[in-house]
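Below is one structure, written out as structure tokens; the observations come after it.
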Amino acid sequence: MSQDRTTEMLNYLSAISREVGEMRTEMREMRTEMREMRAEMSEMRSEIRALTSRLDRLEARILENRADVRDLDGRVAALESKPS
């Protein structure tokens, strides 16, 4: 094998090595971003659970109020139908 060919192969290997190094750096950055995104997703899930809990409590109160309104409507109707 000629020295020119060997030099050419070494240059290719060097270029490949640089690209692999760049790819590793990019992968590290992506992993960091993924960790940050996972942490944010976890925080969002916690917040959504808290909001869901609040909405469930509000829904229960609304249902109680509706039942009270129906009961009061019935009482008012009964009082209005009584002769005075």
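Coordinate-derived values only; no laboratory data. No experiment lies behind these values; they were computed from the predicted model shown.
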The chain: calculated mean residue ellipticity at 222 nm from DSSP helix runs of at least 4, using -39500 (n - 2.57): -36000 deg cm²/dmol
Coarse-grained scattering of the chain at q = 0.10, 0.19 Å⁻¹, given as base-10 log I(q)/I(0) from a Debye sum over alpha-carbon atoms: -0.63, -0.93
Rounded to 10°, Cα long-axis angle of helix 3-81 versus longest principal axis of the chain: 0 degrees
